[in-house]
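Down below is the structure, laid out as structure tokens.
Just so it is clear, none of the values below were taken in a lab; they were calculated from the coordinates. Please read these numbers as outputs of a predicted model, since none were measured by experiment. FYI the Cβ positions are ideal-geometry reconstructions off the backbone, even for glycines, and counts take in every protein chain you see.
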């Protein structure tokens, strides 16, 4: 089974081989260089991608700061899902933090899958439910944990990112200032020495 097929099953659930082939055949491999823009805030999202390799940052520039919503790693998807599904301007900018390879499907092809995969609407509902559940978990983490608990929780599952991306992006994603993040990080480093 290919990496793309594994990604599709992970997000959309187990499906018949012919459905998996019909969906995966609509994706193409896309290469991006570090700093390339996948999507800009205010433009329509016209594609959805699964990351084969590399890192992508999803963020928005506000009046006084940049807010990192997520850093996507291999196996995750990138898109402004609301923009893709509802044809609205994207809320997020998505850029490559490293050179990256993506499995990409156009919005047009994504929306036409229902014409060739009989149970597509059930599969898509599962995909959106998984996205919603993931979002609920992130909101709960932000509401129920202290800054230090959020740091430790994220570090436990994403140690490698701390050496791969600017730390201010992680701080923003965790809802803390770079100063708070640095203080917590220094405390953790001194305790582990």
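Could you state the angle between the C-alpha long axis of helix 120-144 and the longest principal axis of the C-alpha atoms of the chain, as a value from 0 to 90 degrees rounded to the nearest 10?
10 degrees
How would the stretch 45-193 be classified by its alpha-carbon gyration tensor: rounded, prolate or oblate, with rounded meaning a/c under 1.5 and the a/b versus b/c comparison settling the rest?
It is prolate, given that a/c is not under 1.5 and a/b is the larger ratio.
Give me the number: length gained by fully extending residue 108 to residue 140, i.e. 0.36 nm times residue separation minus the C-alpha to C-alpha distance, one decimal in nm.
Extending this stretch completely gives an extra 8.1 nm.
Is it possible to state the helix-based mean residue ellipticity at 222 nm for the chain, with each DSSP H run of 4+ residues giving -39500 (n - 2.57), the sum divided by total residues, to the nearest 500 deg cm²/dmol? What is it?
Values: 8 runs with 89 residues, N = 193.
About -14000 deg cm²/dmol.
Using the beta-carbon distance between residue 163 and residue 3 and R0 = 22 Å, what value does 1/(1 + (r/R0)^6) give for FRET efficiency, to the nearest 0.05?
0.40
Can you give me the angle between helix 147-158 and the longest principal axis of the chain, using Cα atoms only, in degrees from 0 to 90, rounded to the nearest 10?
It works out to around 50 degrees.
Over what distance in Å are the Cα centres of the stretch 167-188 and the stretch 80-119 separated?
31 Å
When 145, 56, 15 are ordered from fewest to most other Cβ atoms inside 10 Å of their Cβ, what list results?
So the residues, fewest neighbours to most, are 145, 15, 56.
Kindly express, to the nearest 10 degrees and within the range 0 to 90, the angle between helix 3-12's C-alpha long axis and the longest C-alpha principal axis of the chain.
Helix 3-12 sits at roughly 90 degrees to that axis.
So, in nm, how far is label residue 155 from label residue 64 when the simple model puts each one 7 Å beyond its Cα toward the Cβ?
Label-label distance for residue 155 and residue 64, simple model: 2.8 nm.
What FRET efficiency would be calculated for the residue pair residue 192, residue 133, taking the C-beta separation as r and a Förster radius of 35 Å, to the nearest 0.05?
Step by step, r from the Cβ atoms, then E = 0.60.
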